[in-house]
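Heads up, the thing below is written out as structure tokens.
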Amino acid sequence: MTDSVELLVLRLAIFAVIFGTCAAVVRSLRSNYLPRRASASAQAEPRPWRLLLEAPGESGLPPGTSYRLAALMEIGRDGASSIVIGDPSVSARHARLERVARGWLLRDLGSTNGTYVEGRPVPPGGVLLAGGERIQLGTVVFRLLPPGS
């Protein structure tokens, strides 16, 4: 091979490496910064259980605020609660909502103004909820929404 041919091959190889590197960088940036389309399984996934705030009392929260539920949720004014409601009629540790085999178990935690389901006081052992019930803590009212609603 002559010097000019070797130089041409070397230049083409360097060009191929640079082009390949640029293509890899562009592909990486596109996959990280462009929104992805939701897969069919993600679109079919139902919404989780939620508490919907219907009457916020003096909490300053807008009606319609929605809270996703985990297996165990504590509701109260205390900043350590899972759901913090800054209303004076809600106790610091007001109520606990726990996922059980047949639904949700709601317990009052010794609150000052009580916890009510559909207007009835929650008994000491708690009450089992299936979804759709109206829950009142002081002057604040929630609705328990099942998945998909």
query: Got a sec? What order do R99, R47, R143 fall in by accessible area at 1.4 Å, biggest, i.e. largest, first?
result: R47, R99, R143
query: Most mobile of R102, R27, R68 per a Gaussian network model of the chain (Cα springs, under 10 Å)?
result: R27
message: Tell me the per residue accessible area of the chain using a 1.4 Å probe; a whole number in Å² is fine.
response: 65
query: With the chain treated as a Gaussian network of Cα nodes joined by springs under 10 Å, which of L128, L109, L12 yields the largest mean-square fluctuation?
result: L12
- prompt: Tell me, in nm to one decimal, what length is gained between D78 and F19 on full extension, where the rule is 0.36 nm per residue of separation less the Cα-Cα distance?
  reply: 15.4 nm
query: Per the 1.4 Å probe, what fraction of the accessible area of the chain, in percent, lies on carbon and sulfur atoms?
result: 59
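The values are calculated or read from the model by the stated rules, or taken from the named source; none is laboratory data. Treat the numbers as computed from the prediction; the structure is a model and nothing was measured. The protein model used for the area step is the full one, side chains on, heavy atoms only, and it has no ligands, DNA or RNA in it. Shrake-Rupley method; radii C 1.70, N 1.55, O 1.52, S 1.80 Å.
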